[in-house]
Amino acid sequence: MVEVAVLAEAAGFTAGCVVIHAARRSARGLTPLLATLAAALALGLCMALAVDRTADPALLADVLTGAAAAF
């Protein structure tokens, strides 16, 4: 699971870089969007690491699901 999250984050970042370089005129508008995407991917990676390293992954997954539902 964690390896997939790392791969997805790297692929998203690389795709974002390619898009920015391809669309230099609109890079000012794309940069905040890509920064938000990178932050969301980093948060997802942290959550995946927390679930992977906890003693009771099911309990932590329930807590994270409840927090996401409340948000």
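What to note about this one:
- Residue within segment 35-46 that is assigned to a helix (DSSP H, G or I), open to solvent by less than 50 Å² (accessible area, probe 1.4 Å) and modelled with pLDDT under 80 present: no
- Conditions (1) assigned to a helix (DSSP H, G or I); (2) open to solvent by 60 Å² or more (accessible area, probe 1.4 Å): number failed by G16: (2)
- Residues (open to solvent by 60 Å² or more (accessible area, probe 1.4 Å) and under 18 Å from the mean Cα position of the chain (by Cα)) located in segment 20-34: T31, P32, L33
The values are calculated or read from the model by the stated rules, or taken from the named source; none is laboratory data. Please read these numbers as outputs of a predicted model, since none were measured by experiment. Heavy atoms of the whole protein, side chains included, go into the accessibility calculation; ligands, DNA and RNA do not. Shrake-Rupley method; radii C 1.70, N 1.55, O 1.52, S 1.80 Å.
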